[in-house]
Amino acid sequence: AGEAWAALRAGQSRISDVRLGGADAAVFFEVVARAPSILVLGATHVGVALTRLATDLGFRVTVADPRTSLATRERFPSAVAIEHAWPDEAIARTRLGPEAAVVLLSHDPKFDRPGLAAALRSDAGYVGAIGSRRTNEERLAWLRADGFGDDEVRRLHAPIGLDIGARTAEETALAILGEIVAARRGRPGSSLSAREPAVARS
């Protein structure tokens, strides 16, 4: 099962050496994966930009927000679904597997707390929440007070996104999506030039 989940997370078929019935065996895992999905919790400006960019990259995006004036088809034309629901309700209605990401963009504790608790209890492969470092320190404190352990807390990507110096909603969406892709591929999201030093040519 572990090898099968690893193949699904990587999105690639593979041959793995495993033990079956007490004997060594080479097993071929053929991956026919669904398109990855993102559940955006909070119909914010960043959510608008993230939905547009993620859709262009082949993600299926669902937007959830109980505020019907913000979660509209006009603002999110490329979303596969728009849920007028609180974050924890939306998570309960949504199938979240290892290919799924949950992104909390609300900046509001009454959205954040139930949504984050439900997301960390789900099978989503990525859980991220927007906010400052101070907000995140407070978030980690109440998560621990609510009984979440180290392994569960470590699943949280917060403050969300790669450090690219994002200032606009579009740049923030790019930073978030970059981190989601890196997490799906099991990569750190660091600069390739930092990992592979250039070789000077004479």
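Some observations on this one:
- Residue ID - farthest from Arg34 (Cα to Cα), chosen from residues in region 119-140 that are open to solvent by 40 Å² or more (accessible area, probe 1.4 Å) and of a type in the set (Gly, Ala, Ser): Ser132
- Residues that are assigned to a helix (DSSP H, G or I) and among the small types (Gly, Ala, Ser) were ranked within region 79-93; the one that is surrounded by the most Cβ atoms within 10 Å (Cβ to Cβ) is Ala90.
- Residue count, region 173-189 (criterion: touching a helix residue (DSSP H, G or I) at 6+ places or on another chain (Cβ under 9 Å) and either among the acidic types (Asp, Glu) or open to solvent by 30 Å² or more (accessible area, probe 1.4 Å) (or both)): 7
- When residues of region 8-17 are limited to those that are small (Gly, Ala, Ser) and under 20 Å from the mean Cα position of the chain (by Cα), the one surrounded by the fewest Cβ atoms within 10 Å (Cβ to Cβ): Gly11
- Sole residue being open to solvent by less than 50 Å² (accessible area, probe 1.4 Å), part of a loop (DSSP other than H, G, I, E, B) and in contact (Cβ under 8 Å) with a residue 24 or more places away in the chain, chosen from Leu116, Leu143, Leu96: Leu96
- Top-ranked residue of region 18-37 - restricted to ones that are over 29 Å from Ala100 (Cβ atoms) and at pLDDT 90 or above, ranked as most open to solvent (accessible area, probe 1.4 Å): Asp24
- Checking Phe76, Phe59 one by one, the residue that is open to solvent by less than 30 Å² (accessible area, probe 1.4 Å), more than 23 Å from Gly131 (Cα to Cα) and not aliphatic (A, V, I, L, M) is Phe59 and no other.
- Taking the conditions (1) assigned to a helix (DSSP H, G or I); (2) of a type in the set (Gly, Ala, Ser); (3) in contact with a His (Cβ under 9 Å, 6 or more places away or on another chain) in turn, Ala54 satisfies each one other than (3).
- Scanning region 146-171 for residues that are open to solvent by 30 Å² or more (accessible area, probe 1.4 Å) and not in a loop (DSSP other than H, G, I, E, B) returns Asp150, Asp151, Glu152, Arg154, His157, Glu170, Glu171.
- Here Leu41 meets each of (1) within 20 Å of Leu8 (Cα to Cα); (2) under 14 Å from the mean Cα position of the chain (by Cα); (3) among the aliphatic types (A, V, I, L, M) with one exception, condition (1).
The values are calculated or read from the model by the stated rules, or taken from the named source; none is laboratory data. Every value quoted in this text rests on a predicted model; they were computed, and no experiment measured them. Ideal geometry is used to build each Cβ from the backbone, glycine not excepted, and the neighbour counts take in all protein chains shown. These area figures cover heavy atoms from the full protein model, side chains too; ligands, DNA and RNA do not enter into them. Shrake-Rupley method; radii C 1.70, N 1.55, O 1.52, S 1.80 Å.
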